[in-house]
Structure formats: structure tokens, C-alpha cells
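For reference, the structure discussed in these notes is given below.
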Amino acid sequence: MFFDHATITVRAGKGGDGCVSFRREKYIPFGGPNGGHGGDGGEVYLRVNAQLNTLVSFSRKRHFSAEDGKPGLGKSMHGASAPALYIDVPAGTVVRERPSGRLLGDLTDPGQTLLVARGGRGGRGNEAFKSSTRQTPRFAEKGAPGETCDLTLELKVIADVGLLGKPNAGKSTLLASVSAARPKIADYPFTTLEPNLGVVWLNEHEFVVADIPGLIEGAADGAGLGHQFLRHVERTRLLVHLLDGASPDPVADYHAINNELSRYSARLAAKPQIVVINKIDLPEARSRVAEIGAALGLPQVLAISGATHEHVQELLWTVVQRLQELPPEPEPDEVPVLRPLDEREDTSYAVNKLDEGLYRLSGQEIERIAAMTNWDSDESLERLWRIMVARGIASALAEAGVSLGDTVLIGDYELEWQ
């Protein structure tokens, strides 16, 4: 079965906790704090692996987690940062964020990587908090949590040429005759249930052909099988539209397929096409070639037989010539959401009343600080309070009506207002 769509959840590693430690050595009575910092959590990347061609591996595993950073130790020993986690995907994978659907990246080149989840920063040890007024800090930061996100992966086959046509038009037969691909071939419709790729060599020229399952009317609305794979012809530079010369009405078939393309994507409908009448090894098809060509009103219509290879070489040379004339495939219309590594943290916050005596304080910075606070340490809680006062958060909570004994939710933590 061809897997071209998957949903996964990735979690970056949590930062290691900072250490609370003091230097204790003989003849050194005032050694001071020497707790080391925790290491950073591992980041999560998607990486293009040229050996993969489907997303089938994600049908068995959907959750991926990077390692956490190591905690700091005494004697100013810092914890090790965790290694990055690389998740291999095939070339042509489009990455979107769930449920917003925002485009995060389009992975097309072997070895290309995309950062999808940042690791948490390691917590600082107590040596970082010493000062002239606080010479013996007995608290340290906990490691920051890593990012967690849900992703949608969508595979779009990368090929130079896409074969289109009604079911049983002879696309698989043609692909098998011009390449080493061996798709299933039979005398009934919907033989092809998944896209097939074949590499065509013609003297010094090389190009990749994709055989797309047959389209029927209503494919853009979900009818038949082809609608599941229309996305795969979006990346192709040239379409070879194969018509069944023995069909009751090849001209109607031609217009029906193009109508489905335009309904699915205007960009797809605008792609250049080479129209080919197949099965001229059958007498009824050979006798109708001129009639079909005149009815289509196109400047060039080729006639071939995929079964006997008649005029197939002429078709391949025409494809090579058109590919040389066409410009490279343009970039996607959507622009990926770029998230630079030095992106500054959002310091805004909001206070919402959930119920009588229950409030929620939300904001990227304050939620991270709360997560890195050691709630079992009075000194650590005192530091959290000083930060809230300095940021104006304490005043905002008072203005919102928070009073003695009320509960304030900050991320996953509860604070009783005192």
C-alpha cells in the first residue's frame, strides 16, 4: 500500500536541572556555591533520506521524543546537552503544523533538514545566582520543557513527467515499456492503485516518469482513486495525457480529465501537456487517429502503441525536447513559516478570570519561568515573585481582582495568592 500521508507528534528534550551545591574543602571555610548548569534538551529535525519513497514507517510509529539534557553537578560541572533527533522522510515531503495547517517546510533535496521542535534550555545552577548581597543562594533553575508539536506530513512525488488518463488508458503499459518499472498491468480498470515511478534513459538524457492512478469524473470531489494522488502531479514539469484510442469517446475523456485538473488546482491545469492517442495496435483505434486529432483541435497529437512500442521513441524524444524548453518548476505559492534560532521570546502576558477565586496567567515568558522554578524552594519562589513584580504582572493580577487565598494557574502549576 502506498503511504503518502501521515500525522506525527514530536517532542524536543527537556533541559537538565541546575544543581545546588557548595564548595566544601579543608581550609576553605567560605567556598561559596558551585552548582553546575544543566545541559540543553535535544532538538528534533526532519531530514530527507534519498533511500525512502513512502511514509510507511510512520504507520507504525507516530510519536518521537528527543533525549533530555543531563542535570548539572557540584564542583561547577555542567550537564551534557542531549543530541538532536533526526527523523528521516522521503524527498517531496511537505510539512504542516496541526491543526492550523501552516506550512513549515517543503523538503525536496537529499540531506535537507528542517527544525520542527526546539529543545529546552538547561537550568542554571546556584553558582549563577551568587552576588554581593546573596552569597549563599540555595536554589537553582529547573530545565525548561522542550517544544511539543503535532505535524502533518504529505508526500508529493518528485518526477519530471506525469502520466494522466482515464482508467485502463494504458499508462502502466507505457511506463513498463520505457523504463525498468514493473507496474501491475491487466485488462480491467483501476489496475494501478498507487503511483509508480520509472526512470527513462534516452541516449544521454534522463528523466523520471510518474504513473498516476486513473482519474474519473468527480475525482476532485473524492470520486474514484485518482483524487488521492492528484497532489503527486503538482510537482511534475510536464504532463503526458494518454487517451484510449479504443474508448467510445476519447474527446470527452480528454475534456473530463482536464476539467478535474482545473477543479483541483488552477496551477495544475496550467501545466503543459503532450496529448497522446494510445492503442493504435487495435484497428478501430488506428482508424480514428485523424478524426480524434481534428476533434481536439490541438497543434500536435501523437499516436502510439504502448504494447508494441510503435512510435514510443518519437514520444520520448518529444518529451525530452519539451523538458529542455520548460523552465524549472516554480516554488510553491505558500511561503513556509520561518522560525529563526535566535527568535526572541514573547514577553507579553494575559490574566483571565476562569471562576470565582480562580485565575489563569498566560504568556510564553512567564510560563517558561514558572516551569523552571523549583516550587519546593522558598528562595526560588521568592525569585519568581520578584520577577512578577518587575514585569508588572503582580500589579496586573491585583487589578484583575486576585485577592488573598485565590488560585492563579501558570501553565501546569497552581499558585495560591498570598
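The values are calculated or read from the model by the stated rules, or taken from the named source; none is laboratory data. Keep in mind it's a predicted model, so treat the numbers as computed, not measured. Using ideal geometry, Cβ is built from the backbone for each residue, glycine included, and neighbour counts are taken over all protein chains shown.
Determine if the stretch 58-78 includes at least one residue that is touching a residue at least 24 places away in the same chain (Cβ under 8 Å) and in contact with a Pro (Cβ under 6 Å, 6 or more places away or on another chain). No, there is no match, as no residue in the stretch 58-78 is touching a residue at least 24 places away in the same chain (Cβ under 8 Å) and in contact with a Pro (Cβ under 6 Å, 6 or more places away or on another chain). Return yes when residue 95 is surrounded by 18 or more Cβ atoms within 10 Å (Cβ to Cβ), in contact (Cβ under 8 Å) with a residue 12 or more places away in the chain, assigned to a loop (DSSP other than H, G, I, E, B) and of a type in the set (Val, Ile, Thr) and no when it is not. Spelling it out, it is not the case that residue 95 is surrounded by 18 or more Cβ atoms within 10 Å (Cβ to Cβ), in contact (Cβ under 8 Å) with a residue 12 or more places away in the chain, assigned to a loop (DSSP other than H, G, I, E, B) and of a type in the set (Val, Ile, Thr). When 197, 193, 175 are checked against the criterion of being modelled with pLDDT of 80 or more and either aliphatic (A, V, I, L, M) or under 30 Å from residue 8 (Cα atoms) (or both), a single residue qualifies: 175. With respect to the stated conditions, residue 134 fails to be among the basic types (Lys, Arg), within 15 Å of the chain's Cα centre (by Cα) and either in a loop (DSSP other than H, G, I, E, B) or in the same structural domain as residue 20 (by TED's automatic domain parsing) (or both).
Taking the criterion of being more than 18 Å from residue 372 (Cα to Cα) and in a loop (DSSP other than H, G, I, E, B), the residues of the stretch 389-418 that qualify are 392, 400, 401, 402, 403, 404, 405, 406, 417, 418. For the stretch 3-29, the tally of residues that are over 22 Å from residue 105 (Cα atoms), hydrophobic (A, V, I, L, M, F, W, C) and either in contact (Cβ under 8 Å) with a residue 40 or more places away in the chain or crowded, with 24+ Cβ neighbours inside 10 Å (or both) stands at 3. Highlighted here are the strands (runs of 3 or more DSSP E) found entirely within the stretch 1-67 that include at least 1 residues which are modelled with pLDDT under 85 and over 30 Å from residue 135 (Cβ atoms): 5-11.
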